[in-house]
Amino acid sequence: MLGHDYYQHLNEIMDHLEQSEILAQMAEEAAEVAQACLKLRRAIDQKNVTPTSLPEAVDQLEEEWADLLLCKDALLDDYKPKPEHIHSCMEWKAERWRNRLLGTDSPAIGDEIFMPDGNKAIAVFVNTDSVFAIDGERFWQLSKDSVIKTGNTYDEIKMATKRLRMTSEA
């Protein structure tokens, strides 16, 4: 549990820095987390020998991770990552990662899939480039790594359906 001093120092940091500067610091710390991960990997497998010991590499990763979390805490609520959104992203990213490892990256028609907003949708069309899914309110067009388009009006869904037919007939 973090003490009173932590929050007092955090408030002073927030009083002195604009949110854009905190975001810049956060990006720098994220890069340092990445470097610490790579150093820990080298310390674990010893294929690319490093003078850093395994315990030192773990300590470095923990320190850089703490810096990143400090930056997260310094963000105003408007900019702070929302735990519920992060958790829903983790759900669908874990599913995607597992599917890639198992070689089942592309869903089949009728499969229930997690959407980036945390909702589940049903795949209604799948091709090599993208997946079209409907979650009851919206249609989604997704590539392997990102959302291409979402829509929720009748005309948008009608246009997506027309594109689906044209693609499947080609």
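The values are calculated or read from the model by the stated rules, or taken from the named source; none is laboratory data. Computed from a predicted structure; not experimentally measured. Note: ideal-geometry Cβ built from the backbone for every residue, glycine included; neighbour counts use all protein chains shown.
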Index of the failed condition, Pro81 passing every other in (1) under 24 Å from Gln8 (Cβ atoms); (2) surrounded by 14 or more Cβ atoms within 10 Å (Cβ to Cβ): (2)
Every residue from the range 101-112 that is at pLDDT 75 or above and closer than 16 Å to Phe139 by Cα: Gly110, Asp111, Glu112
Candidates Val49, Val58, Val33 - the one that is of a type in the set (A, V, I, L, M) and modelled with pLDDT under 95: Val49
Residue check, Lys72 within 19 Å of the chain's Cα centre (by Cα) and assigned by TED's automatic domain parsing to the domain that holds Leu10: yes
Flag for Tyr79 being touching a residue at least 40 places away in the same chain (Cβ under 8 Å) and of a type in the set (Phe, Trp, Tyr): yes
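Conditions tested, residue by residue: (1) over 30 Å from Ala123 (Cα atoms); (2) without any contact (Cβ under 8 Å) to a residue 12 or more places away in the chain.
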| position | (1), (2) |
| --- | --- |
| Tyr7 | yes, yes |
| Glu18 | yes, yes |
| Glu21 | yes, yes |
| Glu28 | yes, yes |
| Val33 | yes, no |
| Gln60 | yes, no |
| Ala66 | yes, yes |
| Arg98 | no, yes |
Of all residues making up the range 36-64, the number that are surrounded by fewer than 16 Cβ atoms within 10 Å (Cβ to Cβ) and closer than 25 Å to His9 by Cβ: 3
Filter pass, Gln25 being outside the structural domain of Lys120 (by TED's automatic domain parsing), surrounded by 14 or more Cβ atoms within 10 Å (Cβ to Cβ) and modelled with pLDDT of 95 or more: yes
